[in-house]
Amino acid sequence: MGWLTGKTARLAGDSPAIAAALEAQGAELVDQADCDVLIHVAPQPRDVPAHKLTHDQWRATLDAGLDQRFLLAQDFAAHRRAARRGGAIVFVGAPEQALGADQAAAGGALGNLTKTLGVEWARDGIRVNTVQTHDRGETLGNLVAYLASDYAAYVTGAVMGVGLDD
């Protein structure tokens, strides 16, 4: 019996390692908004020096790295509240300082958003955590599966890194 047996998980973004770990722990991967677990994996960011960033590039990065993630999480939380059921959200992306000022701004804001939503939505049984990493392998997959499971029932509002010294 796996950590996630009987749970449904929506994986927004591409991560074969996370998908494999979720399925290995018994989760059923679904595409619908109403599920037990939401995982958002950001695409690998581009590296543009701050002095070369256009305003449109800046806004696009903040939209993808923060705004769209918030709206996805907000929709997930609304479904879970309506069903009177808790859930788990895990955001996965590059470390804040990894690439460019736009990525740092989006990553730093996501860290603060994670902490805020983790506290605010805890009363509804919805946990929110972030993993910042360049790792796309088995370690990341297992960490995300753990954070999605009931074994991490008391972990919310955490921003953690995996393999950041690479």
Do we find that residue 96 is out of contact with any Ser or Thr (no Cβ under 7 Å at 6 or more places or on another chain), at pLDDT below 95 and not hydrophobic (A, V, I, L, M, F, W, C) in this structure?
yes
Name the single residue, out of those in the range 99-115 being among the hydrophobic types (A, V, I, L, M, F, W, C), over 14 Å from residue 67 (Cβ atoms) and in contact (Cβ under 8 Å) with a residue 12 or more places away in the chain, that is surrounded by the most Cβ atoms within 10 Å (Cβ to Cβ).
99
Which residue, of 80, 69, 59, is under 18 Å from residue 125 (Cα atoms) and assigned to a helix (DSSP H, G or I)?
80
Is it true that residue 102 is farther than 19 Å from residue 160 by Cβ, of a type outside the set (Val, Ile, Thr), over 17 Å from the mean Cα position of the chain (by Cα) and not in a helix (DSSP H, G or I)?
no
Could you tell me which residue of the range 117-146 is surrounded by the most Cβ atoms within 10 Å (Cβ to Cβ), considering only residues that are within 16 Å of residue 65 (Cβ to Cβ) and of a type in the set (Ser, Thr, Tyr)?
130
Working only within the range 119-152, note down all residues that are in a loop (DSSP other than H, G, I, E, B), closer than 20 Å to residue 3 by Cβ and at pLDDT 95 or above.
125, 149
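The values are calculated or read from the model by the stated rules, or taken from the named source; none is laboratory data. Worth saying up front: this structure is predicted, and the values here are computed from it rather than measured. Quick reminder, even Gly has a Cβ in these numbers, built from the backbone with ideal geometry, and neighbours come from all protein chains shown.
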